[in-house]
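Presented below is the structure to which this report refers.
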Amino acid sequence: MLEAPILIVDDREENVALLRSILEHAGHTSLHTTTDSSRAVELFEQVHPELVLLDLHMPEPDGFAILRQLEALTGPDDYLPVFVITAELDEHARQEALSLGAKDFITKPVNATEMVLRMRNLLHARLLHTRERQMNETLERKVAERTRELEEAQFEILDRLALVGDFRDDATGQHARRVATSAMLVARSIGLPAGQANLYRWAAGLHDIGKIAIPDSILLKPGPLTVDEFEEVKMHTQIGAQVLSGSRFPILELARLIAFTHHERWDGRGYMGMAGEDIPLPGRIVAVCDVFDALVHERPYKHAWRVEDALAEIDRQRGKMFEPRVADAFLALPRAVHCTVRRAA
């Protein structure tokens with residue numbers, strides 16, 4: 001504590017000299033003084049003192065004004081010991097000073113031993129407060145780091161889970177990621193808040209998780225499906241929704257909604273027969289991204305389309321398969337995005 005910087009503000013030279021002599025004799029080595037009260041705040045910002053010794057009655061600004069200025073410079077969680085040294089005995093003045101942040105008083109003429117002891121009590125309280133604040137900051141930093149690690153682990157698990165469905169009928173294992181990225185960009189484009197749109201980056205990747213229950217003989221069939229086979233394929237939306245249901249986490253509830261509705265059509269001719277705005281917005285968004293990605297990549301039953309042809313098909317299906325607003329948002333994405341989706345194979 002002897003090296004702690006201390007600021008002394010008193011308009012009388014003899015008072016400053018006396019206080020400096022007392023503190024130097026007590027072993028304090030970092031003393032900063034001024035008899036010009038107008039420089040008190042300037043020195044405070046330069047020195048960052050651990051303790052302020054302050055007279056009340058000075059030419060403007062007086063001690064009360066300085067207390068107000070210091071209060072504005074310190075945060076609500078900070079503890080700045082201001083030790084008022086004054087000849088003022090008025091109770092009202094004491095109460096006002098305390099209300100403005102003063103922590104202790106001693107009257108002039110001072111008792112040197114008492115002043116040093118009380119001053120060191122204030123410095124000790126300051127030290128304890130500083131240590132506690134540093135411990136809290138360290139704890140908060142560790143909690144934030146741990147929370148970030150848990151979030152990253154959660155997202156990685158979701159990403160790897162999406163690959164489970166992907167590898168069933170996509171040789172690249174990247175279909176889920178491409179659809180998820182496009183869905184995020186479309187969500188942002190139509191005005192969803194950034195935080196909500198970013199959830200699509202992870203939730204949309206699980207849209208085909210239900211395909212884990214569909215036999216390879218159907219998923220990988222090189223030719224057209226029979227009516228019964230197509231009905232079995234359609235079940236992947238319900239299976240996916242069942243796999244993801246019951247979670248208390250919003251991201252998994254969003255994934256469930258997408259898995260269940262991403263094959264619905266704006267005109268009502270989709271898997272479940274939902275139409276228009278009865279289809280949840282996440283399903284409407286992923287529907288466009290899913291179809292485009294399927295068109296521009298080769299599958300066992302089809303060749304890959306050219307990007308231009310796939311975009312034209314999205315435009316033709318505007319108002320039929322896709323909500324016009326969502327189709328327009330997808331088509332308005334930078335051309336580089338569409339081509340990147342194609343090159344990602």
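Bear in mind that the values in this text are calculations on the coordinates, not laboratory data. Given the structure is predicted, the values throughout are model-derived calculations rather than measurements. A quick note on method: Cβ atoms are made from the backbone with ideal geometry, for glycine too, and the neighbour counts reach across all protein chains shown.
The trypsin sites (Lys or Arg not before Pro) of the stretch 207-303 that meet both conditions, a loop assignment by DSSP and at most 14 other Cβ atoms within 10 Å of the site Cβ, are Arg248, Arg269.
Report summary: the helix-based calculation at 222 nm, which adds -39500 (n - 2.57) for every DSSP H run with n ≥ 4 and divides by the residues of the chain, gives -19000 deg cm²/dmol. When Ser217, Ser30 are arranged by Cβ crowding within 10 Å, least crowded first, meaning fewest neighbours, the order is Ser217, Ser30.
Protection proxy ranking for 190-196, 115-121, using the average of other Cβ atoms within 10 Å per residue and placing the highest first: 115-121, 190-196.
Sorted on the mean count of surrounding Cβ atoms within 10 Å across their residues, most packed first, peptides 236-243, 36-43 read 236-243, 36-43.
One Cα centroid belongs to the stretch 108-125, the other to the stretch 222-292; the line between them spans 75 Å.
What does the charge add up to near Asn15, with Lys and Arg as +1, Asp and Glu as -1, over the other residues with Cβ less than 12 Å from its Cβ? Residues close to Asn15 contribute a combined charge of -2. Relative to the longest principal axis of the chain, what angle (0 to 90°, nearest 10) does the C-alpha long axis of helix 227-244 take? Roughly 10 degrees, rounded to the nearest 10. Determine the percent antiparallel among the DSSP beta bridges restricted to the chain, to the nearest 5. The antiparallel proportion sits near 5 percent.
When the square roots of the Cα gyration tensor eigenvalues are ordered a ≥ b ≥ c, the ratio a/c for the stretch 6-70 is 1.5 or more and a/b does not exceed b/c, which makes its shape oblate.
Which angle from 0 to 90°, rounded to the nearest 10, does the C-alpha axis of helix 175-189 make with the longest principal axis of the chain? In the chain, helix 175-189 runs at an angle near 60 degrees to the longest axis.
Sparsely packed loop sites in the stretch 264-342 (the chymotrypsin sites (Phe, Trp or Tyr not before Pro) outside DSSP H, G, I, E and B with at most 13 other Cβ atoms within 10 Å) comprise Tyr301. So, counting K/R as plus one and D/E as minus one, what does the shell of residues with Cβ under 9 Å around Tyr271 add up to? Once positives and negatives cancel, what remains is +1. The residue among Leu206, Ala241, Met321 whose Cα reaches farthest toward the positive pole of the charge dipole of the stretch 170-343, with charges on the beta-carbon of Lys, Arg, Asp and Glu, is Leu206.
Once the chain from Ser217 to Val164 is taken as fully extended at 0.36 nm per residue, the excess over their C-alpha distance is 17.4 nm. In plain terms, the residue of Leu225, Leu54 with the fewest other Cβ atoms within 10 Å comes first and the most crowded comes last, giving Leu225, Leu54. Counting charges near Met135 (Lys, Arg +1; Asp, Glu -1) among other residues having Cβ under 12 Å from its Cβ returns a value of +1. Taking the chain as the reference, fit the longest principal axis to its C-alpha atoms, fit the long axis of helix 250-261 to the helix C-alpha atoms, and give the angle between the two in degrees, 0 to 90, nearest 10. For 250-261 against the chain, the angle is about 20 degrees.
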